[in-house]
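Report on the structure given below.
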Amino acid sequence: MSKAITFSEYGTPDVLQLSEVTPPDPGPGQVRIRVRAASVNPLDMKIRSGLMAGAAPARFPMTPGLDAAGVVDAVGEGADAAVGHEVLGATVGGSYSEYALLDAPVAKPAALSWEVAASLVTVGRTAFRVLAQLGVRSGQTLLVHGAGGSVGVIAAQLAVARGITVIATVGEHDIERVTGLGAAAVRYGDGWVQRVKSAAPQGVHLVFDASGAGVLADSVALTGDSARVITIADMSAAQHGVRFSAGSADRTEEALPQLVQLAATGMLTLPVWRAYPLEQAATAHADLEAHRNRGKAVLLP
């Protein structure tokens, strides 16, 4: 038996419980890892609370979590890794556990910490995917709302590296950090449109909304075309003719290996705010729901 976080009903963070479970066996092409770090993502909280019940109903008891990094300890037939390999990836059946399954493990470079390795998966793929959907090109100007968050900060760095001018709306506490990554950071909140116009007199070609802060109407006005705006966080997207990007749509297979290499060589940074013991998963959820974090939260089984 091993330990995992499970929940058997929708609700507040208190429904998360430390449980004894049987470690999963890897199927064909899968590997089982001894988890060293598991990422906590906003989607985990939406699933736990029942907000996703209509689209993806939970099968109780459920182990939450999308991403993990760890050491392979069992392999299925045809798996693309061997026992002892250090890997990361999206999990099958949850990651808040001592053991988890991966369908497509990616090798973890020694230079990459366990915490960052686990944190890169969902947020990195999301940033990569949306930039591809926007079709942003070198020489254009991209506005990233919520660039202080994990998805936004990766998107901003990827875009800067591609020769794109990035304007980033952030909180006051994130202005210096995001500016240091090569973006022109401006404070969000009342008056943000004028501040963006001042920072981008050449105009804004495309907008990536990672904030969900009610900025879609003004973003469409800035670009002049709703097709130039994508959100991952504002459920009113359809009302503005804006595309809502979710799930694995348009995901490219090369995204995660590229992100891993960029992070391992220091060309991409992703701040990890706090690491919690596995049994404190409920505390991690409560902290993120209260927006106390300034970076990623991870669990250490």
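The values are calculated or read from the model by the stated rules, or taken from the named source; none is laboratory data. Predicted, not measured: the structure shown is a model, and the values here were computed from it. Methodologically, a virtual Cβ is constructed for each residue, glycine included, from the backbone with ideal geometry; neighbour enumeration extends over all protein chains shown.
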Worksheet item: What number of residues within the stretch 197-216 satisfy the criterion of being within 25 Å of the chain's Cα centre (by Cα) and surrounded by 14 or more Cβ atoms within 10 Å (Cβ to Cβ)?
Response: 12
Worksheet item: Going by the conditions given, is G203 part of a loop (DSSP other than H, G, I, E, B) and closer than 12 Å to L143 by Cα?
Response: yes
Worksheet item: If you scan the stretch 137-163, which residues turn out to be crowded, with 24+ Cβ neighbours inside 10 Å and farther than 25 Å from G89 by Cα?
Response: L142, L143, V144, H145
Discussion item. Among (1) outside the structural domain of E20 (by TED's automatic domain parsing); (2) farther than 17 Å from L131 by Cα; (3) in a loop (DSSP other than H, G, I, E, B), there is one condition R294 misses while meeting the rest; what is its number?
Written reply: (1)
Item to complete: Take the stretch 56-92 and flag every residue that is touching a Pro at 6+ places or on another chain (Cβ under 6 Å) and either part of a loop (DSSP other than H, G, I, E, B) or crowded, with 20+ Cβ neighbours inside 10 Å (or both).
Response: G76, E77, G78, A81, V87, G89
Item to complete: For the stretch 257-267, indicate whether the set of residues that are surrounded by fewer than 16 Cβ atoms within 10 Å (Cβ to Cβ), of a type outside the set (A, V, I, L, M, F, W, C), assigned to a loop (DSSP other than H, G, I, E, B) and touching a helix residue (DSSP H, G or I) at 6+ places or on another chain (Cβ under 8 Å) is non-empty.
Response: no
Worksheet entry | Filter pass, P109 being part of a loop (DSSP other than H, G, I, E, B), touching a helix residue (DSSP H, G or I) at 6+ places or on another chain (Cβ under 8 Å) and of a type outside the set (A, V, I, L, M, F, W, C) | yes
Worksheet item: Out of S119, S95, which single residue is part of a loop (DSSP other than H, G, I, E, B), modelled with pLDDT of 95 or more and surrounded by 24 or more Cβ atoms within 10 Å (Cβ to Cβ)?
Response: S95
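Those residues that are over 15 Å from the mean Cα position of the chain (by Cα) and surrounded by 16 or more Cβ atoms within 10 Å (Cβ to Cβ), I need them from the stretch 268-284; list them, please.
Result: R274, A275, Y276, L278, Q280, A281, A282, A284.
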Worksheet, complete the sentence: Only one of (1) over 18 Å from A233 (Cα atoms); (2) touching a residue at least 40 places away in the same chain (Cβ under 8 Å) does not apply to R59, and that is (2)
